[in-house]
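As structure tokens, the structure follows; a few thoughts come after it.
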Amino acid sequence: MPPTVQHVRPIIGMEIHVELSTRAKVFAHAPSPACTLLEPAGANVMTDELVLALPGSLPVLNRRAVELSMLVGMALGCAIADLAVWDRKSYFYPDLPKAYQISQYADPICGPGVVEVPGLDEQGEIDLDADPTPIRITRAHLEEDAGKLVHDCAGGTGTGVDLNRAGTPLLEIVTEPDFVSAAQCVAFARELRRVCRFVGATLGVMQRGHMRFEPNINCELTLSDGRKVRTPIVEVKNLNSFRALAGAVDYELRAQPERYLEDGREMGVGAKSTRGWDDERMTTVAQRDKEDAHDYRYFPDPDLPPVVVDAAWRERVRAALCELPMSRLRRYVKDYGLALKQGEQLVEERPVCDLLDASVEAAAATGMDPNDAGRQAANLLLQAGARIANERAQETGDPVLPSDLGVNAPQIAALLAMRAEGAISADGVDTVFEALASGEHAGGDARLVAETLGVIIVRDEGQLETWCDEAIAAMPEIADDVRAGKVQAVGRLIGDVRKRSGGSADAKSVREMLLNKLGQG
Amino acid sequence: MPDELSIEDVRKVAKLARLAVSDADAERYRAELAAVLGYVERLGEVDVAGVEPMAHVADSINVLRDDEPRIAYDPAVVEKLAPDAEGGFIRVPRVLGEGGGA
């Protein structure tokens with residue numbers, strides 16, 4: 001009787017390609033498409049003599065591409081190399097006319113490191129109380145991206161080549177096979193995207209191919225006869241969404257034990273295969289391996305001298321590092337008491353986090369409890385801020401963040417202080433925020449704007465009493481309902497008083513006064 | 001060893017370089033390549049124990065340029081330089097697959 005599979009232990013590593021957002025290409029002076037959200041104006045509008053491989057053209061390395069690579073490496077805990085060497089990887093394909101790709105073989109810019117991937121709950125959501133999983137980074141090397149091919153050119157008789165992307169700096173990050181699930185791969189991929197965007201290394205637009213994932217997947221199978229065997233490694237190429245990454249890993253983890261039971265093939269030399277991803281059928285598909293694809297004949301590029309990184313350069317680059325997203329997420333959830341979803345929303349965008357942190361600092365300087373300030377400022381940015389940003393994005397068609405509205409940290413701190421003093425209501429905070437975000441009051445002093453708008457809470461008991469009496473007189477039936485014990489009906493009266501006050505009456509004080517007057521106090 | 005350079009080796013190198021080589025030429029190249037490699041093999045006589053491999057023949061390091069893009073080539077010029085073009089794309093004989101390097 002053939003053995004059955006008793007247990008499957010997944011063994012997964014990843015290669016991640018990140019397009020760096022330099023303005024020029026990595027070895028050429030042509031503009032690069034990955035530094036803007038705008039689509040190039042057409043095919044082949046970002047070329048020069050090097051991209052086209054014209055005779056006599058020579059590569060010169062872009063300093064910023066090197067520094068962004070170092071920065072990502074530092075954020076991933078990688079050792080930054082003292083010496084980085086450029087190699088030619090030979091391959092004939094029309095997406096790189098030089099017939100080789102400039103890459104790094106033995107001496108990459110970033111050496112080994114470790115990234116802590118957040119712990120996950122059973123649904124695959126981040127669980128800050130669970131232990132993080134360390135994922136070892138093998139290396140990260142800088143290379144040039146290839147152009148794009150269009151296969152339906154001329155009614156299928158030819159292939160069209162667009163070299164806009166050719167020569168865009170590409171950082172290839174390689175991990176050890178430390179992942180045990182699709183959810184972990186995705187958590188890592190998301191964290192990597194956040195980190196790379198936080199340090200300003202990439203725009204990270206998935207739909208534009210700014211990040212592409214290539215998981216290497218196999219399994220250790222425990223068989224019913226007690227043997228342990230390993231399935232052949234499958235590399236899935238060019239996944240450009242988290243959904244595709246999860247789908248491809250899950251599919252392979254299900255398919256590999258079945259394949260083993262059918263063909264009995266085990267991991268070994270020549271057993272590795274490459275597969276693509278079919279996003280509609282949600283399956284991986286065998287790819288015809290290009291002949292000689294692995295005979296790259298790497299050798300040092302004679303056109304490019306090596307890069308030597310000394311301590312001074314390293315430290316200069318390190319100064320651009322910032323507090324990383326996971327550390328901020330932990331702070332926002334644990335210290336400020338935000339919901340995980342709120343925290344995750346904040347750490348999607350560094351400018352929003354920076355505005356939040358600066359607002360907390362400014363509020364703390366006025367004596368406010370920083371955690372209270374953090375919670376309130378976060379809510380303000382995620383509610384009024386996000387709403388106004390959305391409206392503005394719809395108007396302009398461009399992405400707008402709550403940090404793009406022109407409201408600064410001192411203004412937010414002043415709003416929080418006024419709220420803490422009871423000088424304005426929660427609605428008043430939103431009203432002033434919106435006014436500060438609009439042209440008329442932009443840059444204004446939050447307190448003066450609040451006074452101008454008449455949202456400072458009126459503490460004048462006499463005035464409050466007049467408004468309450470007027471409201472009761474205006475709605476006698478409702479007042480009777482409240483007198484008869486239908487206390488929730490008081491809401492209509494509170495609303496009327498707040499309207500009379502122009503929003504300057506505090507709802508809580510109004511409620512107390514109305515209930516007292518109607519014998520329900 | 002160079003004297004053991006086979007016709008198969010020549011054919012493999014030719015294929016990697018995308019060169020069509022006739023049988024007669026293959027034999028001639030086998031002899032010529034063997035002679036070249038035999039010449040280079042003399043370097044094997046030098047004792048290089050403890051010598052670090054060079055990364056580059058020049059002594060220069062850190063030849064870098066600032067991240068300042070220049071004006072790209074006019075796509076009309078690119079079309080003229082291409083053997084064939086269509087709708088801004090450079091047209092090449094039909095190829096399969098996703099590309100190998102990147």
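Any read-out appearing in this document is the output of simple, stated calculations on the displayed coordinates, not a laboratory observation. Since the model is a prediction, treat every value here as computed from it, not as a measurement. Neighbour counts are summed over all protein chains in view; Cβ atoms, including those assigned to glycine, are modelled from backbone coordinates with ideal geometry.
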When the charge dipole of chain A is computed with +1 at the Cβ of Lys and Arg and -1 at the Cβ of Asp and Glu, the Cα pointing farthest to the positive end, of A:Val199, A:Ala450, A:Pro257, is that of A:Pro257
Gyration tensor on Cα atoms of the stretch A:325-453, a ≥ b ≥ c root eigenvalues, a/c under 1.5 rounded, else prolate if a/b beats b/c, else oblate, says oblate
Once the in-chain neighbours fewer than 8 apart are removed, the lysines whose Cα is under 28 Å from A:Lys499 read A:Lys486, A:Lys508, A:Lys517
Chain A, convex hull of Cα, quarter of hull surface, nm² -> 34.8 nm²
With +1 on the Cβ of every Lys and Arg and -1 on the Cβ of every Asp and Glu, the dipole magnitude of the protein assembly as shown about its Cα centre, in debye rounded to the nearest 20, is 560 debye
Interchain or sequence-distant (5+) residues whose placed amide H lies within less than 5 Å of the amide H of A:Lys25 are A:Ala30, A:Ser32
Measuring from its Cα centre, chain B shows a charge dipole (+1 at each Lys and Arg Cβ, -1 at each Asp and Glu Cβ) which, in debye to the nearest 20, is 480 debye
Taking R0 as 60 Å and r as the Cβ-Cβ distance between A:Asp469 and A:Arg23, the FRET efficiency 1/(1 + (r/R0)^6), rounded to the nearest 0.05, comes to 0.35
With Rg from the Cα atoms and Rh as the Kirkwood inverse mean 1/r over Cα pairs, the stretch A:5-297 has an Rg/Rh of 0.98
Treating only Lys and Arg (+1) and Asp and Glu (-1) as charged, each at its beta carbon, one finds that the stretch A:325-453 has a dipole about its Cα centre, in Debye to the nearest 20, of 480 debye
Taking placed amide H atoms and a strict 5 Å upper bound, the residues 5 or more places from A:Tyr298 or on another chain that come that close are A:Ser90
Farthest towards the positive end of the dipole of the protein assembly as shown, among A:Ile494, A:Gln520, A:His441 and with Cβ unit charges of +1 on Lys and Arg and -1 on Asp and Glu, lies the Cα of A:Gln520
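Checking the a/c ratio against 1.5 first, then a/b against b/c, what shape does the Cα gyration tensor give for chain B? Could the numbers behind the result be given before it?
Details: a/c = 3.19, a/b = 1.34, b/c = 2.38.
Taking the square roots of the gyration eigenvalues as a ≥ b ≥ c, chain B is oblate.
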Partner lysines whose C-alpha sits under 25 Å from that of B:Lys15, ignoring same-chain residues fewer than 8 away, are A:Lys89, A:Lys98, A:Lys148, A:Lys272, A:Lys290
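A:Glu323: net charge of surrounding residues, Cβ under 9 Å, Lys/Arg +1, Asp/Glu -1, itself excluded?
Value of the local net charge: +1.
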Measuring from the longest principal axis of the C-alpha atoms of chain A, the long axis of helix A:386-396 (C-alpha) lies at a number of degrees, nearest 10, equal to 70 degrees
Rounded to the nearest 10 degrees, the helix A:490-500 long axis (Cα) sits at an angle to the longest Cα principal axis of chain A of 90 degrees
With Cα coordinates, the longest principal axis of chain A makes an angle with the long axis of helix A:63-75, in degrees rounded to 10, of 70 degrees
